[in-house]
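Okay, structure first, notes after.
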Amino acid sequence: MATPADNKPMDLLRFATAGSVDDGKSTLIGRLLLDSKAIFEDQLEAVEATSQSKGYDYTDLALLTDGLRSEREQGITIDVAYRYFATPSRKFIIADTPGHVQYTRNMVTGASTADLGLVLVDARQGLTEQSRRHAVILSLLRVPHLVLAVNKMDLVDFSQEIFDKIHHEFTQFATKLNIPDLEVIPISALAGDNVVNRSEAMPWYQGPTLMHHLEHVHVASDRDLIDARFPVQYVVRPKSDEFHDYRGYGGQVAGGVLKKGDQVVVLPSGMTSTIEAIDLFDKEIDQAFPPMSVTVRLADDVDVSRGDMIARVNNAPTPSQDIDAMICWMTNEPLRPRQKLAIKHTTRTGRALVKDVQYRLDINTLHRDQETKEIGLNEIGRVQLRTTVPLLVDPYSKNRTTGSFILIDETTGVTVGAGMING
């Protein structure tokens, strides 16, 4: 029987780029797409024509990702741009996130589902406040793998001394953070050095190229394969002649491995049953694991609906209405005590009251400001919430899916906050 590490879904790597403005994030992604032959000829011709019309003496690869008119006019990334490409070894989803501090919330959005964070720094500038800020956010979001790409090495004559200085400074800073895996790579996104192909200009660097590292970094073990969690998204009842009595529960596996014959409990009702079958599109499979989207059929006719969770009988989350979490706030009106908001956790929705704002975190110094009892736009702080419905939660450090939620303004329907549940 195949193990989770042997199956195709594990061949997908999600990674997010981060760093200061003009560090070359969009250019790097353009170089990855170009050198891995992931763009069409007409796309490249359009970028070349646009570059010429702007008077550039080079092809501006950043135009492959900066699609908004305001982004192209200013030469910056504003929104999160997602790009997809593949090599023979792995499939990739890239989230090109903004570098500006006022778009920190967009950076959080792009990095929240990433397996790897890619922080760029300009070799001429070294570590900046924004570089540190994004490294802290990636650490808070529990992104398990981090790459520091020291870009624009061609503008410092490929100096090993400058690279070593930045490498040492960032390594010292990273000791204060929760970064399980760190790789530091010198590159030139514009010229392509050490991006896909090894650089002849930096013979002193013996590590992997960026693409080689992305293709071989091991992410299968990062997912929680012990604690079975299956939030029910949809009750599948075709009611056709072929599937007249079919009743299944569709959703995405958030943790653990579900197997045919497993004894399970449906929460919050507490009803127990056995997994009769697991369906994947048009075939039945023996087991399912994160991040597979499947339909689970139970042996007993129990009451299951959207928002419920299927877990193992002896390893289930404890329903809770009191939530202790770190919040990234995403709107101009500050988050304050006694505020009422809608909350969405996995497939379950309810309402939440802000009981207390414990502190605001200075993500540059990691200082906890306990005097300020509000959290402003793009700020992160620790809060206590009381919900109207019990949520089936795990600590974010244990499961990034069941340990996270979003807060929604009930009047406008706009997402105003993203939360990470503490243990």
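Summary table
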quantity: Placed amide H near Val257: partners under 5 Å, 5+ positions off or other chain; calculated: Ala228
quantity: Long-range amide H partners of Thr274 with built H, under 5 Å; calculated: Val264, Ala299, Asp300
quantity: Against the rule of thumb 2.2 N^0.38 Å, how large the Cα Rg of the range 225-327 comes out; calculated: 1.08
quantity: Rounded to whole Å, sorted largest first: equivalent-ellipsoid semi-axes of the range 349-421, Cα gyration tensor; calculated: 21, 16, 12
quantity: Length added when fully stretched, Asn178-Arg124, from 0.36 nm per residue minus Cα-Cα; calculated: 16.7 nm
quantity: Debye log10 I(q)/I(0) at q = 0.14, 0.15, 0.17, 0.19 Å⁻¹ for the range 270-423, Cα point scatterers; calculated: -0.76, -0.83, -0.98, -1.14
quantity: Surrounding net charge for Asp369, when Lys and Arg each add one and Asp and Glu each subtract one, Cβ distance under 14 Å; calculated: 0
quantity: The range 199-263 - percent of accessible surface contributed by carbon and sulfur, probe 1.4 Å; calculated: 48
quantity: Taking the C-alpha atoms of the range 191-239, convex hull volume expressed per residue in Å³; calculated: 156
quantity: Protection proxy ranking, peptides 282-292, 308-318, 137-147, average beta carbon neighbours within 10 Å, highest first; calculated: 137-147, 308-318, 282-292
quantity: Relative packing of 299-305, 217-223, which averages over residues the other C-beta atoms within 10 Å, highest first; calculated: 217-223, 299-305
quantity: Estimated inter-spin distance, Glu200 and Thr415, nm [label 7 Å along Cα→Cβ]; calculated: 4.6
quantity: Extension reserve of the Asp164-Ala86 stretch, reckoned as 0.36 nm per residue once the Cα distance is removed; calculated: 24.9 nm
quantity: Per residue, the convex hull volume that the Cα atoms of the range 118-195 enclose (Å³); calculated: 79
quantity: Local electrostatic count, Leu116, Cβ distance below 15 Å [Lys/Arg +1, Asp/Glu -1]; calculated: +1
quantity: All-pairs Cα distance distribution in the range 139-248, expressed in whole percent, bin size 10 Å; calculated: 12, 30, 23, 12, 10, 9, 5, 0
quantity: Inter-label distance for Asn315 and Leu12, nm, one decimal - labels placed 7 Å from Cα along Cα-to-Cβ; calculated: 2.3
quantity: The range 108-147, accessible area per residue, ligands and nucleic acids excluded (1.4 Å, Å²); calculated: 25
quantity: Solvent exposure of the range 215-305 as accessible area per residue, Å², 1.4 Å probe; calculated: 51
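The values are calculated or read from the model by the stated rules, or taken from the named source; none is laboratory data. Note that the coordinates shown come from a computational prediction; the quantities given were computed from them, not determined experimentally. So basically every Cβ, Gly included, is an ideal-geometry build from the backbone, and we count neighbours across all protein chains shown. Side chains included, ligands, DNA and RNA excluded: accessible areas come from the protein's heavy atoms. Shrake-Rupley method; radii C 1.70, N 1.55, O 1.52, S 1.80 Å.
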